[in-house]
Amino acid sequence: MTLPKKTIEDYYTASPVTVRASDDLDRAQELMTDKGIRHLPVLDGGELVGVLSDRDIKAALAIKGATTKRISCGDIATEGTYVTRPGSPLQVVAREMAEKHYGSAVVTENDEVVGIFTTTDACRALADVLTA
Amino acid sequence: MSSKETIEHFMTASPHTIGSDQSAGRAHALLREHDVRHLPVLRGGEVVGIISNRDLQFIFVLEDAKELPVDDVMSPDVYTVTRDTPVREVVQEMAAQKIGSAVVMDGNKVAGIFTTTDALTALLERL
């Protein structure tokens, strides 16, 4: 078996847009629409506390009486975020995401969020591998 | 391109499906029973949507939400492809449009489903 050459750094989105845990869902929705993204790492005092996806918002708003103003990003962010490092082999990250059904991996370096790798990036990586 | 490169090789064949007039509770039960996360939604035998466990995640906070028809909870935008579509083409489209799954058709019938989890598995095979 050859050593895996590709790392997560080849495919992740660097310097991702983040939100604060105290931001309301209005802010999160606005950012997702403006930037054309579906995942936002959620920070509390600079520390990663979870990831918020567009589907988390959609699901939360399905509850009667729920509004984007009344719910904060921290309220519904998915805990148990999969965190990895820029040099992690793509193979390791893809396996972990497939087995645990994670929609994204947050990439950190020295406790700072430096990127995000989502299943969309995995699709891009696969297209790349198949083209090569 | 060899036949192994088509979506047929990577999809989950003969997926469970649900009728659009069935209840959200029934969809939830089916997902649990079969340990899957997506169900193509059919109306009159035609694919009209897709429902995932995440579509159902929060509505179960309300007990009566289980009675809602699947129609009200599903994602109506379905990306359909044929069995012989190259997997590269499918994942390129999924990445470009940020789509979570593709329903694979054989004529008018659902032949399979290809999700981002299948894309991760395919990626693992190729690395």
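So which residues in the stretch A:1-31 are under 12 Å from the mean Cα position of the chain (by Cα) and without any contact (Cβ under 8 Å) to a residue 24 or more places away in the chain, if there are any at all? Don't jump to the end; show me each part of the working.
Step one: list which residues in the stretch A:1-31 are under 12 Å from the mean Cα position of the chain (by Cα), which gives A:12-19.
Selection gives A:V17 alone.
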What number of residues within the stretch A:90-103 satisfy the criterion of being touching a Pro at 6+ places or on another chain (Cβ under 9 Å) and open to solvent by less than 10 Å² (accessible area, probe 1.4 Å)?
-> 1
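Would you confirm whether any residue within the stretch A:77-89 is more than 27 Å from A:K6 (Cβ to Cβ) and of a type in the set (A, V, I, L, M, F, W, C)?
We begin by selecting, within the stretch A:77-89, every residue more than 27 Å from A:K6 (Cβ to Cβ); these are A:77, A:79.
This time we only want the ones that are of a type in the set (A, V, I, L, M, F, W, C), so: A:77.
Yes, the stretch A:77-89 contains at least one residue that is more than 27 Å from A:K6 (Cβ to Cβ) and of a type in the set (A, V, I, L, M, F, W, C).
Within the group A:S88, A:S22, which residue is out of contact with any helix residue (DSSP H, G or I) (no Cβ under 6 Å at 6 or more places or on another chain) and not acidic (D, E)?
Numbers: A:S88 fails: out of contact with any helix residue (DSSP H, G or I) (no Cβ under 6 Å at 6 or more places or on another chain).
Going through A:S88, A:S22 in turn, the sole match is A:S22.
Regarding B:I18, is this residue crowded, with 18+ Cβ neighbours inside 10 Å and modelled with pLDDT of 95 or more? Step through it out loud before you land on a result.
Numbers: crowded, with 18+ Cβ neighbours inside 10 Å: yes; modelled with pLDDT of 95 or more: yes.
It is true that B:I18 is crowded, with 18+ Cβ neighbours inside 10 Å and modelled with pLDDT of 95 or more.
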Quick check: anything in the stretch A:49-71 within 10 Å of chain B (Cβ to nearest Cβ), open to solvent by 30 Å² or more (accessible area, probe 1.4 Å) and more than 26 Å from B:L56 (Cα to Cα)?
-> no
A:A59 vs. criteria hydrophobic (A, V, I, L, M, F, W, C) and under 19 Å from B:L124 (Cα atoms) = no
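Name the single residue, out of those in the stretch B:37-53 being touching a residue at least 40 places away in the same chain (Cβ under 8 Å) and touching a Pro at 6+ places or on another chain (Cβ under 8 Å), that is farthest from A:G103 (Cα to Cα).
Looking only at the stretch B:37-53, we keep the residues that are touching a residue at least 40 places away in the same chain (Cβ under 8 Å), and these are B:37-38, B:40, B:42, B:45-47, B:50, B:52.
Adding the requirement that they be touching a Pro at 6+ places or on another chain (Cβ under 8 Å) leaves B:38, B:40, B:47, B:50.
Working: B:H38: 14, B:P40: 20, B:V47: 25, B:I50: 17 Å.
For the stretch B:37-53, the residue satisfying everything is B:V47.
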Could you tell me whether the stretch A:103-115 includes any residue that is in a loop (DSSP other than H, G, I, E, B) and either at negative phi or within 9 Å of chain B (Cβ to nearest Cβ) (or both)?
-> yes
Which residue pairs have Cβ atoms under 8 Å apart, sit 6 or more places apart or on different chains, and have a first residue in the stretch A:85-110 that is touching a residue at least 60 places away in the same chain (Cβ under 8 Å) and a second that is charged (D, E, K, R) and open to solvent by less than 60 Å² (accessible area, probe 1.4 Å)?
-> A:A105/A:E96
Checking A:D75 against (1) in contact (Cβ under 8 Å) with a residue 24 or more places away in the chain; (2) within 14 Å of chain B (Cβ to nearest Cβ); (3) open to solvent by 30 Å² or more (accessible area, probe 1.4 Å); (4) of a type outside the set (G, A, S), which single condition isn't satisfied?
-> (1)
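The values are calculated or read from the model by the stated rules, or taken from the named source; none is laboratory data. Fair warning: this is a prediction, and the values are worked out from it, not measured in the lab. We place every Cβ from the backbone using ideal geometry, glycine too, and count neighbours over all the protein chains shown. Quick note on the areas: whole protein, heavy atoms, side chains included, nothing else; ligands and nucleic acids left out. Shrake-Rupley method; radii C 1.70, N 1.55, O 1.52, S 1.80 Å.
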